[in-house]
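Reading through the structure tokens given below for one structure.
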Amino acid sequence: MARRRKILVSEARQGLDDLKAKIAGTKNSEEAKFEVAKEIGVPLKKDYNGELTSKQNGKIGGKLGGGMVKELIKMAQENLGKKH
């Protein structure tokens, strides 16, 4: 199954980038994956990273994506609590 790289609501891009930076503990979403890679010991470079394994790449993406999903769920639960 092919992944969809295009965001469905283009206006949400900035918010998602801000969330990614928050999860990684950086100010810039472009630096988020490098910060996470450093934290988990994956030698990610700014240029070519073809020597990295799928497992290493998955650790980086999983930590970022999983953290973003957890934060979005937390935000949704808080919003639901405010409405009741």
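The values are calculated or read from the model by the stated rules, or taken from the named source; none is laboratory data. As the structure is a computational prediction, the values presented were derived from the model and not from experiment. Ideal geometry is used to build each Cβ from the backbone, glycine not excepted, and the neighbour counts take in all protein chains shown. Ligands, DNA and RNA are excluded from the accessible area calculation, which covers all protein heavy atoms including side chains. Shrake-Rupley method; radii C 1.70, N 1.55, O 1.52, S 1.80 Å.
Accessible area per residue for the chain is 82 Å², calculated with a 1.4 Å probe on protein heavy atoms, without ligands, DNA or RNA. Think of it as helices only: each DSSP H run of n ≥ 4 in the chain is worth -39500 (n - 2.57), and spread over all residues that comes to -20500 deg cm²/dmol at 222 nm. Largest GNM mean-square fluctuation across Glu11, Glu71, Glu35, computed for the chain with C-alpha springs under 10 Å, falls on Glu11.
Projecting label points 7 angstrom from Cα along Cα→Cβ for Val9 and Ala76 puts them 1.2 nm apart. Taking +1 at the Cβ of each Lys and Arg and -1 at the Cβ of each Asp and Glu, which of Gly41, Gln14, Gly58 sits farthest along the dipole of the stretch 1-61 towards its positive end, judged by Cα position relative to the Cα centre? Ranked along the dipole, the leading option is Gly58. By accessible area, using a 1.4 Å probe on protein heavy atoms only, the chain has 54% of its surface on carbon and sulfur. For the stretch 5-32, list residues with backbone N below 18 Å from a point placed 7 Å from the Cα of Gln56 toward its Cβ? Label zone hits: 32. Placing +1 on the Cβ of every Lys and Arg and -1 on the Cβ of every Asp and Glu, with no other charges, gives the chain a dipole of roughly 280 debye about its Cα centre.
Over every pair of different alpha-carbon atoms in the stretch 1-70, take the mean of 1/r and invert it; report that Kirkwood radius in Å. Taking the inverse mean of 1/r over all distinct Cα pairs, the stretch 1-70 comes out at 13.0 Å. For q = 0.16, 0.21 Å⁻¹, what log10 I(q)/I(0) does the stretch 30-84 give under the Debye formula with an equal point scatterer on each alpha carbon and no solvent? Rounded to two decimals, the profile gives -0.56, -0.76.
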